[in-house]
Amino acid sequence: MSQKIQTLSGYINEYQRSVHQPEKFWGRIAQSFHWQKPWDNVLSWDFKGPDIKWFENAKLNLTENIFERHLFTHGEKAAIIWEPNDPKEAHRIISYRELFEMTCQFSNALEAQGVEKGDRVIIYMPMIPEAAVAMLACARIGAVHSVVFAGFSSSALADRINDCEAKIVLTSDGNFRGSKNIPVKEVVDEALEKTSTVEKVIVCKRTNSEVTMKSTRDVWWHDVIKGQSIDHKAVTLDAEDLLFILYTSGSTGKPKGVVHTTGGYMVYTQYSFLNVFQYEQDDVYWCTADIGWITGHSYIVYGPLLAGATTLMFEGVPTYPHAGRFWEIIDKYKVNQFYTAPTAIRALQAKGLEPIAPYSLDSLKVIGSVGEPINEEAWHWYHDHIGKGNCPLVDTWWQTETGGIMISPLAGITPNKPAHASLPLPGIQPVIVDAEGNELKGNNVEGNLCIKFPWPSILRTTYGDHKRFKETYFSTYPGMYFTGDGAKRDHDGYLRILGRVDDVINVSGHRMGTAEVENAINEHPRVIESAVVGYPHDIKGQGIYAYAICDREGVSDQVLIEEIKGTVRKIIGPIAKPDEVQIVNGLPKTRSGKIMRRILRKVASKDISNLGDTSTLLNPEVIAEIIDGSPSD
Ligand code: WTA
């Protein structure tokens, strides 16, 4: 626990040290881990290549740092508390020793199925402990996992399988979410028709739904672990060996595989977990994310388990079977740290105070927020009614690419300021730049957020495409990592994140590239051209608004709109389904043929009083038509 900062002056000192002597700083933090062989060099980097290496030539296995490092001190401690979707079903409490045995057994099973170090494994599973076991077993044998959110469609799943040339897919017979039972195995079957690299599918029994098992390919989880030893010698990995790939949307059409490696990610997720949440040994910590997102990777599985914490994993949704489900779970397990997304807070806020009334919530010490800017109203509601006014609220800013929390208050240490992610963690050097890339020093400045120095869990590349990695993150402002977010440093020096400045929409805390949604819409045979923008949405933060030019002959707009929504749902998944679709005859274009999205954003946001300069438009007449045709409520 020596990694934990205790006071504000302690934070300031640590921060100074981390900036002045980063290698010494991280070298000291990394010493508390178990390395099979120490590093030659803490860091070597170049943001031009780019080429970033942490703990060069060190050897380790991350899971030894979860298990062997802790088993002697807290083998019997709960590692995972699992709460099922349906509160009437039994919960599970899995100790560190049991989790170790499950991981070893599944590691042996994966090896017996032919999975070797470096092979890619797709995990398309519900929020059950076996999903965490799957991730840990991959880490144990040196296979590279790529978790795909189980709400993605078969074609989104196929794209990811093909991009990383996965050898094996892990899934379940079904997925309980609220009142639904989602047939995920069918989705996998459909995806595999479009792929050629997958040799085996391991199916974990969860819902007891009927599934078709293809005899040469599909095997049951319970069968493959049968007879396998509950001991497994961890494979030796290099600090820079791949730990996982996680696909995320960007401003171009195709999701990119963000690559995280072993040593740096391990060091940073544990460090940030302990410091942001100020976790203490007997605490119960709960993050409500899905393991399909980076938050689930870093702060349900890796960070907490590395820190020897008890991490709660919830299979269900916040409103099933009732709107007090989160609060009921907090009281049931006496949760001390609770970490969720603004979209969930706003949705629950909309239900009023009644669903909270039966619960005391008095175990809570820290509450957290992640995924999108938290508006002040939601911040205060969360702080007052869930934190009861006396829990520090950590508004944590970070990204799939950053691997861990970058800018956030440290609970109880950094003074809280509503809607401000506040200050960088030690080792993180954010800068705000203007459009030309000049650093805006001092307070009261606003611009684009970059990071000018590497941190241990920075992504190392985008899978199979290093050029794209360079172009996306290091070419807008050469020499710096560009986040894609806008930010403001206020008069106190506190950072406030203003949201994306690129063509990425943040819907309910999930990233969606507008180009990706447009590509899906364009698959509809009647669509000629489309443009997608974000607009403010009360619950989701941002909603998806699509404009489409279509062949309208013989079909009503209403039918077209529903079909377009259905097409996106089918091609990407329900999370990408547009909230609004407007059929138009033209899209505003510049003389060079570029769609003027600024105008489309304003119309979608019902902010048409000042459309700005439209003199460069090729077809100004379409604007009036678009405004007339937009929904009026
Ligand atoms: C946004 C999620 C404001 C931001 C961990 C970022 C936030 C994107 C915050 C990354 C926050 C995340 N305040 N905005 N506290 N946290 N974001 O990759 O726009 O799913 O670039 O990672 O979410 O989303 P991602």
*Hey, does region 174-190 have a residue that's under 24 Å from G464 (Cβ atoms), crowded, with 17+ Cβ neighbours inside 10 Å, touching a strand residue (DSSP E or B) at 6+ places or on another chain (Cβ under 7 Å) and assigned by TED's automatic domain parsing to the domain that holds E83?*
yes
*Could you run through region 536-556 and say how many residues are buried (at least 17 other Cβ atoms within 10 Å of the Cβ) and either β-branched (V, I, T) or away from the ligand (no atom under 16 Å from the Cβ) (or both)?*
7
*If you check L423, L353, L348, which single one turns out to be in the same structural domain as D290 (by TED's automatic domain parsing) and either within 16 Å of the ligand (Cβ to nearest atom) or under 18 Å from Y494 (Cβ atoms) (or both)?*
L423
_So, T514, is that one among the polar types (S, T, N, Q) and within 15 Å of the ligand (Cβ to nearest atom) or not?_
yes
*How many residues does region 574-599 contain that are part of a loop (DSSP other than H, G, I, E, B) and either touching a Leu at 6+ places or on another chain (Cβ under 9 Å) or exposed (fewer than 15 other Cβ atoms within 10 Å of the Cβ) (or both)?*
8
_Extreme residue, farthest from the ligand (Cβ to nearest atom), among residues of region 356-382 that are part of a loop (DSSP other than H, G, I, E, B) and within 26 Å of G404 (Cβ to Cβ)_ = S363
*Does K602 satisfy the criteria of being in a loop (DSSP other than H, G, I, E, B) and within 38 Å of the chain's Cα centre (by Cα)?*
no
*Quick one: which of I561, I521, I539 is of a type in the set (A, V, I, L, M, F, W, C), in contact with a strand residue (DSSP E or B) (Cβ under 9 Å, 6 or more places away or on another chain) and more than 21 Å from A156 (Cβ to Cβ)?*
I561
*Would you tally the residues in region 258-286 being within 16 Å of the ligand (Cβ to nearest atom) and in contact with an Asp or Glu (Cβ under 6 Å, 6 or more places away or on another chain)?*
1
_Selection status of N519, within 12 Å of the ligand (Cβ to nearest atom) and either at pLDDT below 95 or not aromatic (F, W, Y) (or both)_ = no
_Residues (modelled with pLDDT under 95 and either in a loop (DSSP other than H, G, I, E, B) or in contact with a helix residue (DSSP H, G or I) (Cβ under 7 Å, 6 or more places away or on another chain) (or both)) located in region 49-74_ = G49, H70, L71, H74
_Restricting to region 481-514, count the residues that are out of contact with any strand residue (DSSP E or B) (no Cβ under 8 Å at 6 or more places or on another chain) and surrounded by 22 or more Cβ atoms within 10 Å (Cβ to Cβ)._
1
_Consider region 293-337. How many of its residues are farther than 22 Å from A347 by Cα, outside any helix (DSSP H, G or I) and among the small types (G, A, S)?_
3
*Inspect all residues belonging to region 387-403 and state whether any of them is in a loop (DSSP other than H, G, I, E, B), touching a residue at least 12 places away in the same chain (Cβ under 8 Å), within 13 Å of the ligand (Cβ to nearest atom) and surrounded by fewer than 21 Cβ atoms within 10 Å (Cβ to Cβ).*
yes
*Residues of region 218-257 being basic (K, R) and more than 14 Å from the ligand (Cβ to nearest atom), which ones?*
K226, K233, K254
*Are there any pairs with C-beta distances below 7 angstrom linking a residue in region 505-525 that is of a type in the set (D, E, K, R) to a residue that is away from the ligand (no atom under 14 Å from the Cβ), with the two at least 6 apart or on different chains, and if so which?*
E516/G253; E516/I572; E518/S530; E518/A531; E518/V532; E523/T567; E523/I571
*Go through (1) buried (at least 20 other Cβ atoms within 10 Å of the Cβ); (2) closer than 30 Å to E130 by Cβ and name the single condition I52 misses.*
(2)
_Checking the condition in contact (Cβ under 8 Å) with a residue 60 or more places away in the chain and of a type outside the set (K, R), which residue from Q21, Q6, Q16 passes?_
Q6
*Out of curiosity, is K565 in the same structural domain as F453 (by TED's automatic domain parsing), away from the ligand (no atom under 14 Å from the Cβ), outside any strand (DSSP E or B) and at negative phi?*
no
*Are any of the residues in region 459-482 within 13 Å of the ligand (Cβ to nearest atom) and assigned to a loop (DSSP other than H, G, I, E, B)?*
yes
*asked:* Among the residues that make up region 599-622, is at least one of them within 23 Å of I505 (Cβ to Cβ), out of contact with any Cys (no Cβ under 6 Å at 6 or more places or on another chain), of a type in the set (D, E, K, R) and in contact (Cβ under 8 Å) with a residue 12 or more places away in the chain?
replied: yes
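The values are calculated or read from the model by the stated rules, or taken from the named source; none is laboratory data. Keep in mind the model is a prediction, meaning the values are calculated, not measured. Backbone-built Cβ (ideal geometry, glycine too); neighbour counts: all protein chains shown.
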